[in-house]
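Novice: Dropping a structure here in structure tokens format, bear with me for questions.
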Amino acid sequence: MRGDLVRKLTLRCLSAGLAVLSFLVLALATAELAGLALAVAGAVAVWVERRVNPRAGLVAEPVLLIAGVLVGYVHRVPEARWNWLALAVTGAALLGLTLAERQLRDAAELEVRAANLGVRSSPLLVADRLGPAVLALLVLLAASAALRLPAWPVLLLTLLVGAAAAVGAAGPLALRRLRPSARQSAVTQALRRHQPEFLLHFSAPPGSEYQVMMWLPYLERIGRPFMVLLREPDFLGPVSAATSAPVVVCPTPRSIDEAIVPSLRVAFYVNHGAKNSHCIRFTHLTHIQLHHGDSDKATSANPVSAIFDRIFVAGQAAIDRYARNGVTIPAEKFAIVGRPQVEAIEVRREPIRDRADKVVLYAPTWTGHNADVDHCSLPVGETLVRRLLDRGVTVILRAHPYTSQNPASARQLARIEQLLAEDRAGSGRPHVFGAEAARKMSLVDCVNASDALVSDVSAVISDYLYSGKPYAVTDRVGEGERFVEGFPLAGSGYVLTSDLSNLDDVLDRLLDTDPLAETRWRTRTRYLGDFPEQRYADGFLDQARRELDGTGAAPTVPSPRPAPVG
């Protein structure tokens, strides 16, 4: 996060500085060639800044650059007064396109766009290319001034660009405003041909696409045509690359009307985002909350869940969690479907003490948006990891994707990664961290490669529970004996106190004696359901198909199986 901010600030200063400097040199000095070179450099800087930060509202810089190049042109070619009319019209046209570009983009971004559907949004495509086109014309005008060439070729090109912008963007956008025809839009027609039976609605802050990615493979395995409905355009690229299903961006509540075609029967959701209400208003659909993880955090018992027609949960523990937090939801709304994402996790019944070279997965959560959900252990993470290294343990460090949003957490994570890098260089132990753990390995890969887990109150623990392997939970809230009451999943693990005063004792039990092995198997059924390991994901797939077929009665809560022996 810090690196990204520094990069954006550097480009901001560079593009603004070059624009001002080139204008001053061209307007006040006699070094026209130097000023024109600075103007070209400024145009390049503006182009790079737009690539790095597409939403940057860059208007003043291009205006200054255009004004400076016009002054430089007059200074370079003072005798060609017959050329001034062409030069004046060129400058006015470039300024007009610069001022219109942001307005066209803002208007185009309110339009529906799609991927994997065979249709494209021409207004947005034109608006995206208008800014770079103006910068290219500016560079061409600067070159003409430097070479003392006439301005009329640049004028003709500028008028052509303006005509293309009018025909490709301004005209269609104005027509849509004057004569709305949502039912006849290209996206609507393509969706009607696709005949999707269900949709996945998604709205979240940047960096949250993992919430969708974890569900896409299972939505595809349902075997029915579907679509993904995004509310923020930033997710279009990564999500559409991860599925062959149509992905539609509907930025406004009104634009959703274009995507809700008659074939749709079910809408799935993976979080409690405020924009979910824009889709829930379609009462003829069955609205189902899937969640993007199962944990004992308060967010997993959000009262907003009550607005959905159905709530898919991994196990009985999720239903009990709502009741424990005072959230009353009719029992018939719940369906226990397991958590299909754990199906690839290897189940291990071998005692951990029999493992020679132990590998521990350390998966700290993030600080959350509010203090009451801050369970992040990174403030004590360095001490924890040092103690693991002292025991000769290999560490896999996988932090929450939102960790970088908190500068303090990012610094703490960096120190731990440096510690692991130094130990790897000295001891040869193959610690895994950074991009290798976050991008090259999935969470399932990290779970399967480890023998034990140290984590905070998060969904990682319930996923890890499926493996049967031991785990420790940090009590960062400092609740002591009340901690397990509020976070029952910690009762099947080894609780680390907030000051780590019991760290050695916890590590002894976690990595050697493991007295809670049988307790974990019973907890596993409560939290993750009791579905056959070979067909674990069928719990979700079968229930989803029942909802689509209109026979979605909740399955009977499975009775626990006895803990496996060995």
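Novice: For the peptides 235-242, 277-284, what is the packing order when you average, over each peptide's residues, the other Cβ atoms within 10 Å and list the highest mean first?
Specialist: Sorting 235-242, 277-284 by mean packing, highest first, produces 235-242, 277-284.
Novice: Related question: Just one of (1) 23.3, 75; (2) 29.3, 97; (3) 24.6, 78 is Rg and Dmax of the Cα atoms in Å calculated from these coordinates, so which is it?
Specialist: Here the calculated entry is (2).
Novice: Keeping the other protein chains in place, figure out the carbon and sulfur percent of the accessible area of the chain, with a 1.4 Å probe.
Specialist: Its accessible area is 58 percent carbon and sulfur atoms.
Novice: What is the antiparallel percent of DSSP beta bridges lying wholly in the chain, to the nearest 5?
Specialist: 10
Novice: Under a point spin-label approximation (7 Å from Cα along Cα-to-Cβ), what is the Glu197-Ala274 distance to one decimal in nm?
Specialist: 3.6
Novice: A further question on this structure: How much length is gained if the chain between Glu533 and Ala344 is pulled fully straight, taking 0.36 nm per residue apart and subtracting their Cα-Cα distance, in nm to one decimal?
Specialist: Residue separation times 0.36 nm, minus the Cα-Cα distance, leaves 67.1 nm.
Novice: I've got another one for you. Can you tell me how the range 308-414 classifies by the Cα gyration tensor, rounded, prolate or oblate, using a/c under 1.5 as the rounded cut?
Specialist: In terms of gyration-tensor shape, oblate.
Novice: Arrange the peptides 200-213, 449-462 so that the one whose residues have, on average, the most other Cβ atoms within 10 Å appears first.
Specialist: 449-462, 200-213
Novice: For n ≥ 4 DSSP H runs only, could you compute -39500 (n - 2.57) per run for the chain, divide by its residues and tell me the 222 nm figure to the nearest 500?
Specialist: Computed ellipticity for the chain at 222 nm equals -14000 deg cm²/dmol.
Novice: If you fit an axis through the alpha-carbon atoms of helix 2-28 and take the longest principal axis of the Cα set of the chain, what angle between them do you get, 0 to 90°, nearest 10?
Specialist: Approximately 10 degrees, to the nearest ten.
Novice: Could you report the chain's accessible area per residue, 1.4 Å probe, as an integer in Å²?
Specialist: It amounts to 44 Å² per residue over the chain.
Novice: Let me ask something else about it. Could you size up the charge dipole of the range 202-322 around its Cα centre, putting +1 on the beta carbon of Lys and Arg and -1 on that of Asp and Glu, and report it in debye to the nearest 20?
Specialist: Its charge dipole is roughly 240 debye.
Novice: Quickly rank 150-158, 524-532 as a protection proxy: mean count of other C-beta atoms within 10 Å, highest first.
Specialist: 524-532, 150-158
Novice: For the Cα atoms of the chain, what angle does the longest principal axis make with the long axis of helix 84-108, in degrees from 0 to 90, nearest 10?
Specialist: 20
Novice: Right, next: With contacts defined as alpha carbon pairs under 8 Å and 6 or more residues apart, what's the relative contact order of the chain in percent?
Specialist: 11
Novice: Please provide three numbers in whole Å: the alpha-carbon extents of the range 390-457 along the principal axes, with the largest listed first.
Specialist: So the extents along the principal axes, rounded to whole Å, are 32, 25, 23.
Novice: On a 26 Å Cα-Cα criterion, which of the cross-link pairs Lys440/Lys469; Lys275/Lys333; Lys275/Lys297; Lys297/Lys333; Lys8/Lys297 come out too long?
Specialist: Over 26 Å apart, Cα to Cα: Lys8/Lys297.
Novice: Just want to confirm a number: the relative contact order over the range 236-342, from Cα pairs under 8 angstrom separated by 6+ residues, in percent.
Specialist: 19
Novice: Going by alpha carbons, how many degrees (0 to 90, nearest 10) lie between the helix axis of 407-427 and the longest principal axis of the chain?
Specialist: Compared with the principal axis, the helix lies near 70 degrees.
The values are calculated or read from the model by the stated rules, or taken from the named source; none is laboratory data. Just so we're clear, the structure is a prediction, and the values are computed from it rather than from any experiment. Every residue, glycine among them, receives a Cβ derived from its backbone with ideal geometry; neighbour counts consider all protein chains shown. Accessible surface is based on the protein model in full, side chains and every heavy atom, while ligands, DNA and RNA are left aside. Shrake-Rupley method; radii C 1.70, N 1.55, O 1.52, S 1.80 Å.
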